[in-house]
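The values are calculated or read from the model by the stated rules, or taken from the named source; none is laboratory data. All figures in this text were calculated on a predicted structure; none of them were measured in a lab. Cβ placement follows ideal geometry from the backbone for every residue including glycine, while neighbour counts extend to all protein chains displayed.
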Amino acid sequence: MEDGSDLCPNTVPGATVDATGCPPFIRFDFDRDGDVDLADFEVFEGCGSGPSISHDGSSDCLRADADSDGDADSDDFGSFQRCYSGTDNPADPNCPCPSGLTDCGGACVDLMWDSGNCGACGSVCPDQTACAWGTCEGVCIDCE
């Protein structure tokens, strides 16, 4: 599709697009224009909280938290740097997750402990269970 007549008219030249003219979901491409550049860094920076200091929980900050540990810190910035392509340079849609995490729909998750992706992407643990070592396990509600 030609820019201006598609759903993502600001896509950078040369970026791979789908039938609607939009680039694939790329980690840290907050404005979904196909590159990871200064505009995306500004969004990331707005979520920066520091180690063990929770971000605001917005969808952008959840995406900025590449290692899914509840903060947007220097570890996440390292991931951002690996994905950075620069203005008008198509970003790698396979930008890697930090070591030990798996890309599940654009979010880097720990399949061993994430109750929404327990053992596999999209494998959700039922109520009153939690993910432990990649398996949904019962949790003690009123342990005495």
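A few points about this structure:
Here's the yes/no breakdown for (1) out of contact with any helix residue (DSSP H, G or I) (no Cβ under 7 Å at 6 or more places or on another chain); (2) not small (Gly, Ala, Ser):
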| site | (1), (2) |
| --- | --- |
| 98 | no, yes |
| 104 | yes, yes |
| 113 | yes, yes |
| 119 | yes, no |
| 131 | yes, yes |
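Here's the yes/no breakdown for (1) surrounded by fewer than 20 Cβ atoms within 10 Å (Cβ to Cβ); (2) under 29 Å from residue 120 (Cβ atoms); (3) at pLDDT 90 or above:
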{"position": "19", "(1), (2), (3)": "yes, yes, no"}
{"position": "25", "(1), (2), (3)": "yes, yes, no"}
{"position": "30", "(1), (2), (3)": "no, yes, yes"}
{"position": "41", "(1), (2), (3)": "yes, no, yes"}
{"position": "99", "(1), (2), (3)": "yes, yes, no"}
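- Criterion violated by residue 43 - all others in (1) without any contact (Cβ under 8 Å) to a residue 40 or more places away in the chain; (2) part of a helix (DSSP H, G or I); (3) out of contact with any Asp or Glu (no Cβ under 6 Å at 6 or more places or on another chain) satisfied: (3)
- Considering residues of segment 101-133 that are over 25 Å from residue 35 (Cα atoms) and touching a residue at least 24 places away in the same chain (Cβ under 8 Å) only, the residue surrounded by the fewest Cβ atoms within 10 Å (Cβ to Cβ): 110
- Residue in segment 3-25 that is charged (D, E, K, R) and under 17 Å from the mean Cα position of the chain (by Cα) present: no
- Count - residues of segment 1-17 that are surrounded by fewer than 13 Cβ atoms within 10 Å (Cβ to Cβ) and at pLDDT below 85: 3
- Single residue of segment 64-85 satisfying the filter (hydrophobic (A, V, I, L, M, F, W, C) and part of a loop (DSSP other than H, G, I, E, B)) that is farthest from residue 15 (Cα to Cα): 72
- Whichever residue in segment 43-72 is under 27 Å from residue 17 (Cα atoms) and among the small types (Gly, Ala, Ser) and, among such residues, is surrounded by the fewest Cβ atoms within 10 Å (Cβ to Cβ): 59
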